[in-house]
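Engineer: My questions all concern the structure below.
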Amino acid sequence: MKVKRWLIALGTLAYGRLRRKRIERQPEPPGREYVSEPPAPGHVVPQGEPSPFAEYLVALLLLVAAIFAAGFIVTYAVYSPQEMPNQLLGVCIGGALVFLAVALAVVAHRLVVTEELEDDYPEEHPQEQEQIAQLVRDSGSRITRRKLLIGAAGTAGGALALAGLTPVLSLGPLWDTKALETTPWRRGRRLVDVDGRPMIASEIEEETFYAAFAQGAPTEEIAALLVVVRLAPGQLRLPAGRESWAPQGILAYSRICTHAGCAIELYRKPKFVVTEPRPALVCPCHYSTFDPARGAAVLYGPAGRPLPQLPLMIDAEGHLAAAGDFSGRVGPGWWGVRARPS
């Protein structure tokens, strides 16, 4: 109820000042001189006693709220997405909001003079409007360290605003996106399995899903992750220029879904040709489905573009190796992650 009354009082104050300025600008009709009523003398509410302790307490609470908000920013910046301590982030932002709420409660109960006045409110009366404006001014008579409180409130508000904007950085880089174009793949780099053993072309079977990595590259690097499948050469309908990218029908695509960055984990092997006419790679997160025979074109789901394809070759020892780099950028394509036009 107190908050509601404050909002009504502030709205009435703003309306009264605006109307008074409008009346002062209007020309007076002939034979009539407008005389504004003087403001009410004295104070509308009793003068409150200053409370330095409450003011310092409010400033301290606001600064603690700012420290918690800064802790959220630091935590978000220090930890990687894989190691992000969500509980600590929750404690930081929750602590900031709790201390901010306590500070506002102390202001309401210890620094604002309150008095309930029951009277009929006139529809329009400048003097009554001025009394309400004076009531708002008088209610802050206990506050003697305005600069301290304003500074503390600005610090807490600024820290909370920055904490709220910090997660926006997770949407991806907005300017320099070169790091997203860097991959470990070069002509001649071998494909290895999860145990680090080079993959032999003759051992790749049809209707089987293989996870592969770039030899010598960190396995957690998203551009190093591949999915390898084998199809009958007669089934391939690859985009123009990729005729030599799938030796003996062996294909390699990025394992990172182009929708939300999940890992491709499913390989659909049709049992009912009428309803499922061809094999497909499936992302388990949102069921984006890609056609490996047609350059991983999107068959179904929210993905907006095909999986990038890696050209393959078979070296002199019969091992699978890269014949170049990916056909496109690995991973999802958000606002700031779009490739620059060539």
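What follows is calculated from the coordinates using simple rules that are stated; it is not laboratory data. What you see is a predicted model, and the numbers here were worked out from it, not measured in a lab. Positions of Cβ are backbone-derived with ideal geometry, glycine not excepted, and every protein chain shown enters the neighbour counts.
Engineer: With r defined as the distance between the Cβ atoms of Leu88 and Met313 and R0 fixed at 45 Å, what FRET efficiency is calculated, to the nearest 0.05?
Structural biologist: Approximately 0.45, to the nearest 0.05.
Engineer: Could you tell me the relative contact order of the range 179-337? Use alpha-carbon pairs under 8 Å, at least six residues apart, and round to a whole percent.
Structural biologist: Computed value for the range 179-337: 26 percent relative contact order.
Engineer: While we're here: Between Leu162 and Leu299, what's the calculated FRET efficiency when r is the beta-carbon distance and R0 is 45 Å? Round to 0.05.
Structural biologist: That gives a FRET efficiency of 0.55.
Engineer: If I stretch the segment between Ser51 and Glu221 completely, what's the gain in nm (0.36 nm per residue apart, minus their alpha carbon distance), one decimal?
Structural biologist: 55.3 nm
Engineer: Now for a separate question. Whole-Hz ³J(HN,Hα) for each residue in the range 217-229, computed from phi via Karplus 6.51 cos²θ - 1.76 cosθ + 1.60 with θ = phi - 60°, x for glycine and proline: what do you get?
Structural biologist: 9, x, 5, 7, 6, 5, 6, 8, 8, 10, 10, 10, 9
Engineer: Using only the alpha-carbon atoms of the range 179-337, report the extent along each of the three principal axes, biggest first, to the nearest angstrom.
Structural biologist: For the range 179-337, the Cα spread along each principal axis is 41, 39, 31 Å.
Engineer: Next question. Please give the FRET efficiency for Val78 paired with Ala263, using the beta carbon to beta carbon distance and R0 = 22 Å, rounded to the nearest 0.05.
Structural biologist: About 0.30, to the nearest 0.05.
Engineer: Thr208 to Val98: extension gain in nm, 0.36 nm per residue of separation minus the Cα-Cα distance?
Structural biologist: Length difference between fully extended and current span is 34.2 nm.
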